[in-house]
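The values are calculated or read from the model by the stated rules, or taken from the named source; none is laboratory data. All values reported here derive from a predicted model rather than from experimental measurement. For neighbour counting, all protein chains shown are included, and Cβ atoms are generated from backbone atoms with ideal geometry for every residue, glycine included.
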Amino acid sequence: MKNIMAQNRIQEIKATIEGKLKRHYGRTLHNASDEEMFQTVALSIRDMILEQWVKGNEEINARGRKKLCYLSVEFLMGRALVNNMINLGVLDDYKAVLAEIGYPFEKLEEQENEAALGSGGLGRLAACFLDSLSTLNLPVTGYGIRYEYGMFCQRIVDGEQTEVPDDWMCKGDVWEIERREEQVEVRFEGMAEELWTEEGLTVVHKNFQKVTAVPYDMIVTGYGSQLPATLRLWRAEYPAGFDFHAFNKGDFVYMVQQKEIAESISKVLYPKDDHIGGRMLRLRQYYFLASATMQSIVREHKKLYGDVRTLPEKIVIQINDIHPALAIPELMRILLDDEGMGWDEAYDITSRVFNYTNHTVMHEALESWPAQLFKSMLPRIYAIISEINERFQQQLLKRFPDDRDKISHMAVIAYDEIRMAHMCLVVCAAVNGVSQLHGRILKTRTFRDFYVMFPKKFTAITNGITPRRWLVSANPGLCELIAGHIGSRFIRDYRELERLKPLADDRRFLKDFALVKQRNKQRLADYMFKKKGIALNVDSIFDVQAKRLHEYKRQLLKVLHILHLYNRFTGDECFALPRPVTFLFAAKASPVYWRAKDIINLIHAVASLIEANPRTRDCMKVVFLENYNVSLAELLIPAADISEQISTAGCEASGTGNMKFMLNGAVTLGTMDGANVEIFEKVGQDNIFIFGALAEEIARMERDNSYNPKGLFDGNADIRNAVSRLMDGSLAGGSDRFHDLYQSLLYGCFDRADKYFVLHDFDAYRAMYENVLNAYTDANAWMRKAAFNTACAGYFSVDRTIEEYNRTLWGLDAI
Ligand code: 26V
C-alpha cells in the first residue's frame, strides 16, 4: 500500500516536471538543458511552498497574530533546493523521479548558485533563525538588501587571495517574487526645514534625492512547517519617470549618473571596508534598508489594523547588530512627520518595538559616523538622533551631575561622531549578547556604564544552528545512523539527541559512527581531487579551521604550530607523529585587510615547505580550501576529526562553526571563548581539548600592559624557531615576505605587539596538541568522544535559541 502511494507520488511529480518543461521551455525530459532542468524542478518545489505560504499568512492575518521583523544587512542563505525538498519531505520522491528519468541528482544540486548575501556568522545566524522560526510555525519576516553581487568569490593565485565578483543572480533567482506594487520611496540629502504652524512644529524634508526601493520576497521553508518564513529583500532603483525634465533639457549624462548612484545602493555586499567612499555607500545601504523596511511595516500594519498606535502589540523588531539601527530614528520620523504624533508618544511606541542583538566586542566593529557626513546625507534623521541625544543627556545630567566625562562617554553624539550602538542601548527595550561569556563582557566591559543605567535591558541568549541543514542535509550518513537508533524526532526536537548518550559506550555504534566519518572524509577527498586535483589522505587526521580570516581567530597560531612540528621533523631524525595529519584551512579575508591576506599567503608557503621535504610530506599536509562558502562548509564539516576554535579569549562573541563541527562528531580543540565555554560545560573535560589564557587573564594583561611577547620569543626555543621561519628565507616569497607578520608579533606595527596573544598561548596549544594526537591513537576512545559530542549538541540547536528569544523577548504564538 505504502509502495503504491509512493509510486503515485513519483508519477505525479514526473508529470509535473514534464508539463512545466513543455510549457516554460518547449522541451521534453530528453532534450532539456541542465539549467532548464534545475529551473523546472525548482519551480515545482516553489509551487508547493507557495501553497503553504498563502494559507499560513492568511491565518496569521485573520487571527491578528503578533509578528517578528528581523532586520539584518546579511542573510547567508546558501543553496535552497535540497533544503526545501527535505523540509517538504519530498527528497526521496524527487531522487526516485530523477533516477527514473536517468538524470543525476548531484548535477541538479550543482546548478544552483548559492545566495551568499553575507560574509560570516552574523549572516548565517540570520538564515538559521528563519529556518527555525518557520519550523516552529512562528510568524516572521526577515528584511535585508537584495545585493546583486554577494560575498566575493575567492580565487587563489600563486598563494595569494584575489577577489572575483559573485554574480549569483546571473540566471535569475527562482525563489524570489517581485512585489513591484509594494515599492516605497527612500529620501536622501536635501534639508529638514522646521515650520511652526497652528498645529505646532512640523518638519518638512525638502530638495531630497529619491531612490525607489522594490521588494523581492523569498519564501524560506522550515522542516514540516505550516508557515514558511518570508525574506523581503530590497532592490534600489532610480525612480521611474523622475527627472524626465532634465532629460528633456538635454541633461542626459546627469540623469544616467544619478541612476547609477541610486542603483549602486543594492549593487554589492560589503566585506568589512574602511575606505571613506565605501563608507558613504555603506551608510546609504543602511538607511535604504531601514527606511524601506519601516515604511513597509507601518503601511502593512495600518492596512491590517488601521491604527499605528497598536504597533507594539502586533510587531516586534529585532535589530541584527547595529547595521540596521537607523530603523529606530526612521520609525520616529514616520510617527512624527507622517503620522503627526508628538515626541513622547512616538518615542514610547518606538522604544517598545525594538530589541538589539550585539554580535561583537571588537572595537573596530562598533560603528560610528562622522556627524557632518551623516547630517548631509540624512538631515531629518540626524535631527531626530540629536533630539534623542539631547534628552538622554538631560537624563544623564540628573543622574551624574558632576561627571562630565561619563556623560560625554555615554552620549549618542559626541566629538562629532554618531555612535550607533549607544543609540540602540538608549532606545531599545532589550539588548542581548550571543553567548553567556559575551553577555557578561557586554555588561562588565563594553557597555558597563549602560548596564549600570539600564540593568534590566541586558540578557544573553546563546546562539544555535539548524540541524536541518547542518546534519540532515550535510551529513545524510550520520542522520540515518542516528535515526536508526533513536528515530527521527531529533530533527524537530533538539532534546531527543541526548538519547544518543548511552550509545557512546556501545562499541558497535561507535564502529558505525567511525564508518560514517570515514565516508565523509572520502566524500571530501573525492571532491577535492575532482575539483582541484588535490589528493587527501583519508587515513590521516582531518584537523580543520574554517571561518573568516581575522587575527583574533588566530589562524596564525595554528600555522606557527605546524612550523614547530616541521622543525621537530627536521631537527630530530627520530621524531614521528603517531598518525599523519592533514591541516585544512578555509577562510576569506576582507579585500583590504592586508595582514589577513598575508596569513593566507603564509599558509600556502608553509604547505609548499612541507610538501617539498621528503621527511614531512607523507605525514603532514597543509591544504587551503579555496572560496569557503555554505556549500563547501556542508562538505567540509562532516569530514572533520578536530574542530579548531582557538580565538583569543574574550574576542569571539559566540562562534557557530564550533557548534556545526560538534554536531557532526568533531572534537573541539579550543580556548575558553564564546560558546566554546558552553560546549565545554555540555561535553565535560574528557570530550574537549581546552587550552590557553582565560578572558579575565587576557583582560588583566591588557590593563596592566604586562604582556611581553619578545620575552617569550627570547626565552622559548620552540617559539623562537617557529617564528624565525618567517624571516630566515625558508618560505616561498623570500625573507621579506612575512616581515610585517613577524614584526606584528614581536614589536607591533602602530599597535601593541602580538595584540591577540598568539605567542602567549603557543606553548599551551603545543602541549594540548600532543594530547590530541595521543588521544586519537585509541580509535574507540576517540570515537566515543566524537559521538558524545554529537549527543550533547542538542542544546546548540537554533530551535532552543529561538525558544529563548521568544520566551524572553518576542512573545509570539505559533499557528
Ligand atoms: C567583526 C569585526 C572584527 C574587527 C574588525 C571589524 C569587524 C567588522 C565586522 C565584524 C563582524 C561583526 C559581526 C559578526 O559577524 N559577528 C559574529 O556573529 C556571530 C553570530 O552571532 C558570532 O557567532 C561570531 O562570534 C561573531 O563574530
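General remarks:
- When residues of segment 124-147 are limited to those that are of a type in the set (S, T, N, Q) and more than 20 Å from Arg235 (Cα to Cα), the one farthest from the ligand (Cβ to nearest atom): Asn137
- Per the conditions (1) within 16 Å of the ligand (Cβ to nearest atom); (2) at positive phi, the sole criterion not satisfied by Gly121 is (2).
- Sole residue being of a type outside the set (A, V, I, L, M, F, W, C) and surrounded by fewer than 23 Cβ atoms within 10 Å (Cβ to Cβ), chosen from Arg548, Arg554: Arg548
- Residue within segment 95-108 that is under 30 Å from Thr360 (Cβ atoms) and either away from the ligand (no atom under 14 Å from the Cβ) or under 12 Å from the mean Cα position of the chain (by Cα) (or both) present: no
- In the condition set (1) modelled with pLDDT of 95 or more; (2) surrounded by fewer than 17 Cβ atoms within 10 Å (Cβ to Cβ); (3) over 18 Å from Ile637 (Cα atoms); (4) not polar (S, T, N, Q), Leu565 is compliant with all but (2).
- Of the residues making up segment 656-692, those that are within 16 Å of the ligand (Cβ to nearest atom) and under 25 Å from Pro476 (Cβ atoms) are Thr656, Gly657, Asn658, Met659, Lys660, Phe661, Met662, Leu663, Thr668, Ile679.
- Every test in (1) crowded, with 24+ Cβ neighbours inside 10 Å; (2) over 20 Å from Asp761 (Cβ atoms); (3) touching a Phe, Trp or Tyr at 6+ places or on another chain (Cβ under 6 Å); (4) not small (Gly, Ala, Ser) is passed by Phe585 save one, and that test is (2).
- Just one residue in the set Arg63, Arg23 is in contact (Cβ under 8 Å) with a residue 40 or more places away in the chain, surrounded by fewer than 19 Cβ atoms within 10 Å (Cβ to Cβ), of a type outside the set (S, T, N, Q) and out of contact with any strand residue (DSSP E or B) (no Cβ under 8 Å at 6 or more places or on another chain); that residue is Arg63.
- Condition met for Leu759 (in a loop (DSSP other than H, G, I, E, B), over 30 Å from Trp470 (Cβ atoms) and among the hydrophobic types (A, V, I, L, M, F, W, C)): no
Yes or no, residue by residue, for (1) within 16 Å of the ligand (Cβ to nearest atom); (2) assigned to a strand (DSSP E or B); (3) not β-branched (Val, Ile, Thr):
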| residue | (1), (2), (3) |
| --- | --- |
| His438 | yes, no, yes |
| Ile441 | yes, no, no |
| Thr444 | no, no, no |
| Asp449 | no, no, yes |
| Val452 | no, no, no |
| Lys456 | no, no, yes |
| Thr462 | yes, no, no |
| Arg469 | yes, no, yes |
| Ala483 | no, no, yes |
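- Checking segment 610-626 against the condition returns a match, with at least one residue being touching a residue at least 40 places away in the same chain (Cβ under 8 Å) and under 22 Å from Gly123 (Cβ atoms).
- Residue match in segment 637-650 (condition: within 16 Å of the ligand (Cβ to nearest atom), touching an Asp or Glu at 6+ places or on another chain (Cβ under 6 Å), at pLDDT 95 or above and within 30 Å of Met701 (Cβ to Cβ)): yes
- For segment 539-560, the candidate set comprises residues that are within 28 Å of the chain's Cα centre (by Cα) and more than 16 Å from the ligand (Cβ to nearest atom); within that set, the residue that is farthest from Asp673 (Cα to Cα) is Ile541.
- Residue count for segment 244-296 satisfying the condition of being modelled with pLDDT of 70 or more and not in a loop (DSSP other than H, G, I, E, B): 34.
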